[in-house]
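Notes follow the structure.
Since every read-out is calculated from the coordinates, none of them should be taken as a lab result. Fair warning: this is a prediction, and the values are worked out from it, not measured in the lab. Cβ coordinates were reconstructed from backbone atoms using ideal geometry, including for glycine residues, and neighbour counts include every protein chain displayed.
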Amino acid sequence: MSNEIVGNPVIQCGFAGMCAVLLIFLAWLVKRLLGVLEQTTDVIKDNTQIIGTLKDESDEVRVLVADVRDKLLARPCIARGEK
């Protein structure tokens, strides 16, 4: 019976075999993590571009609203004549 236990390849590998398996698993996890980080960087870059576009558009709207406000303030008040 003891010859069967010693002859078992899993037991022969022991700690070194388990370390090799864990190192391979960690390398796979790091590779996946780097892929996720790359995708996250792409999303952040795209969002930054979109925010810049929205800022430009909101600046245009702000200028138009200020122009309309100035035009409305330049008109005489109609309600003052009705007393």
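Some values worked out for this structure:
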{"item": "Local electrostatic count, Arg62, Cβ distance below 12 Å [Lys/Arg +1, Asp/Glu -1]", "result": "-3"}
{"item": "Extension gain (nm, one decimal) between Leu34 and Ser58, 0.36 nm per residue minus Cα-Cα", "result": "5.1 nm"}
